[in-house]
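See below for the structure under consideration.
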Amino acid sequence: MRRIGVIGAGYVGLTTAACFAHLGHRVVCADVDRRRVARLCRAEVDLHEPGLARLVAEGLREGRLRFVVGNREALSDVDFVFVCVPTPTGEDGSADLSAVRAVLREARELMAPDAVLVIKSTVPAGTTDRAAAEMEGHQVVSNPEFLREGHAVQDFLQPQRVVVGASVESAALRVLDLYSGTGAPVMVTTPTSAELVKYASNCFLAMKLSYVNALAELCEQIGADIGDVTEGMSLDDRIGASFLTPGPGWGGSCFPKDTKALLSTAESVDVDFSLLRATIDTNEHQPQRVVEKVRELLGPVEGRRIGLLGLAFKAGTNDLRDSPALAVAELLAEQGARLAGYDPCVDHGPVPVVSSVEEAATGASALLVLTEWPEFAELDWPDLASRMARPVIVDTRNLLPRDKVTEAGFTLLSLGTPASTTRPTTAGL
Ligand SMILES: NC(=O)C1=CN([C@@H]2O[C@H](COP(=O)(O)OP(=O)(O)OC[C@H]3O[C@@H](n4cnc5c(N)ncnc54)[C@H](O)[C@@H]3O)[C@@H](O)[C@H]2O)C=CC1
Ligand SMILES: O=C(O)[C@H]1O[C@H](OP(=O)(O)OP(=O)(O)OC[C@H]2O[C@@H](n3ccc(=O)[nH]c3=O)[C@H](O)[C@@H]2O)[C@H](O)[C@@H](O)[C@@H]1O
C-alpha cells in the first residue's frame, strides 16, 4: 500500500485516483472545483465512464479514497503525487502550462523530500526536466496517460503500455511498481522521450484520420467507396483496421490541442512539420465539407429545420469539448438553419436539445448523423421518414444500413461513397 496524492479530479485524475484506490493504495484526490469535490464526496460522478462511479463508491466506502478541495493534503504526507490538471491550448497554439506550474509551486513547498512527483498531464517535451530543475531535489517523473474517454477505467487497469520517463532509475522503478497489478508492458526512457511518446501517438492517430477523411473526399470524386478502400487497406496488418472510419472531423479535449502543441514545439526549434500542419488543416475543413453535403441535398438551409443525431465528439461519452458535431451545428446555425439536437448522453448544450430521435426528426428537412452511437443504426426508418418534411439523411459516420434506409424512402448521403454504386457480388466465389 502506498500513499498517493492526485491533483485534478477530471477524466484522468478521477480515473487515476479511483483505480489506484481499487489496486489497494490510499489516495487523496484534490481539485479546485468545490462543487465537483462535494459531489464526489457523495460518490456522484458526472463523467460518462463505465465502472468509474462503482470504483469511486468502493474507494470511499473502504476508506482508501478521499476527495478534498485545495491541494495541500494531496501534496504532503504522500509517497507519490500525480499531476492531472488541464494543459489547454494557449493563445499562440502552444500548451498552456499555467495549471501545471501552479501545482509545481505548491509542491515545492509541501512535498516530502523523498516523495516522487509524477506528471501525468500531457506536457511538451522538456517540461519534466525543467520541473525537476525547479523542484530542488525532488524526483520528478513523466508518466503520460493514454486512456480513451468512454473506456477510461478499462484502459487504466488494462493499459496497452505504461511509459515512464525518468532521469533517475530508482524513481522510475518506484512509479512502475504502482502499476504492477495491471500486468501491462512497461517502458522506461528519458522524460523528454516519454513526453514525446504521448504527443507522437495522438498526432499519429489524428494524421491517420485526416488521411482517411481526405481519401473519402477523393473517393466521392472518382467513384470509389471508402468503406471498401479502408477494408482493403486494413487487411495489411502493418496498416491495421482501427482509426480508418471517416467522420465529421476528429475532436475531443485532446487531439485538437495536442496536434497544435506538437506543431508549436516543432516551430520553436525550426522543424518544418508540414505533415502535421496539413493534418490540422484537413480537419478544420471537415465540418464545412459536411455542411456542403447538406446543401447538396437541400440547397440553402436558411429557415429549414435540421435534426442532429449526436452532439458528443464521439460515441460512449457525454463530452462536448471540441466536438465536431457542434462545429457543424455552428456553421448551419450561421446559415439560418433551425436545429434540434439529440444525443443519448447529453441533456443540454449550445444547440437546442430534444429528448428523442423522433423529436429531432419531426418536421425536419434533413437528419444529420454526427456521432456514431450504435443505436442510430437501428432506428425505425419508415416511421422517421413519415415524420419529416423531407426524408433526407447525411450520415457523417458511415454508420447507417444503406439498404434499409433507402428502402424507407430516404435520400442518403455518406462520406466517401459515390451517389450510386453497383457492387459486384461475391456470392458463388
Ligand atoms: N481526457 C482524456 O481522455 C485524457 C487527458 N489527458 C491529459 O490529462 C490532463 C487532464 O485532462 P482531463 O482529465 O481531461 O482534464 P479535466 O478538465 O477533465 O480535469 C482537470 C481537473 O483539474 C482541475 N484543476 C485545474 N487546475 C487545478 C489546480 N491548480 N489544482 C487542482 N486541480 C486543478 C479542474 O478543476 C478539473 O476538475 C490534460 O493534460 C490532458 O491532455 C491525457 C490522456 C487522456
Ligand atoms: O490524450 C487523450 O486525451 C486521448 O486522446 C484519444 O482519446 P479520445 O480523445 O478519448 O478519443 P478517440 O477515441 O481517440 O477519438 C478521437 C476522435 O477521433 C474520431 N474518430 C476515431 C476513430 C475513427 O475511426 N474515426 C474517427 O473519426 C472520434 O470520433 C473522435 O472525434 C486517444 O485515443 C487516447 O489514447 C488519448 O489518451
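Which of (1) assigned to a loop (DSSP other than H, G, I, E, B); (2) more than 20 Å from the chain's Cα centre (by Cα); (3) within 23 Å of L412 (Cα to Cα) is the odd one out, the single condition E358 does not satisfy?
The failed condition is (1).
I'm trying to understand the selection: among the residues of the range 241-265, which are open to solvent by less than 20 Å² (accessible area, probe 1.4 Å) and away from ligand 1 (no atom under 16 Å from the Cβ)?
Hits for the range 241-265 are L244, P246, G247, P248, G249.
Tell me, yes or no, whether the range 175-197 has at least one residue that is assigned by TED's automatic domain parsing to the domain that holds P159 and either within 15 Å of ligand 2 (Cβ to nearest atom) or among the acidic types (D, E) (or both).
yes
Among the residues of the range 1-55, which ones are β-branched (V, I, T) and open to solvent by 50 Å² or more (accessible area, probe 1.4 Å)?
Result: V32, single match.
Could you please give the count of residues in the range 223-261 that are hydrophobic (A, V, I, L, M, F, W, C) and within 15 Å of the chain's Cα centre (by Cα)?
Within the range 223-261, residues that are hydrophobic (A, V, I, L, M, F, W, C) and within 15 Å of the chain's Cα centre (by Cα) number 4.
Looking at E407 and the list (1) over 30 Å from D281 (Cβ atoms); (2) free of Cβ contacts under 8 Å to residues at least 24 places away in the same chain, which single condition is not satisfied?
Answer for E407: the failing condition is (2).
Do you know which residues across the range 56-70 are surrounded by fewer than 24 Cβ atoms within 10 Å (Cβ to Cβ), outside any helix (DSSP H, G or I) and either not basic (K, R) or not assigned by TED's automatic domain parsing to the domain that holds A102 (or both)?
E62, G63, V68, V69, G70
Show the residue pairs that are 6+ apart or on different chains and have beta-carbon atoms under 8 Å apart, the first residue being within the range 144-173 and not assigned by TED's automatic domain parsing to the domain that holds E58, the second being surrounded by fewer than 18 Cβ atoms within 10 Å (Cβ to Cβ) and not acidic (D, E).
Final answer for the pair search is none.
Do any strands (runs of 3 or more DSSP E) entirely within the range 136-208 hold 3 or more residues that are open to solvent by 10 Å² or more (accessible area, probe 1.4 Å), and if so, which?
Answer list for the range 136-208: 186-189.
Mind checking whether some residue in the range 337-355 is touching a residue at least 40 places away in the same chain (Cβ under 8 Å), among the aromatic types (F, W, Y) and open to solvent by less than 40 Å² (accessible area, probe 1.4 Å)?
No, the conditions are met nowhere in the range 337-355.
The values are calculated or read from the model by the stated rules, or taken from the named source; none is laboratory data. Just so you know, these numbers come straight off a predicted model, no measurement behind them. Every residue, glycine as well, gets a Cβ built from its backbone with ideal geometry; the counts of neighbours run over all protein chains shown. The area values use the complete protein model at the heavy-atom level, side chains included, leaving out ligands, DNA and RNA. Shrake-Rupley method; radii C 1.70, N 1.55, O 1.52, S 1.80 Å.
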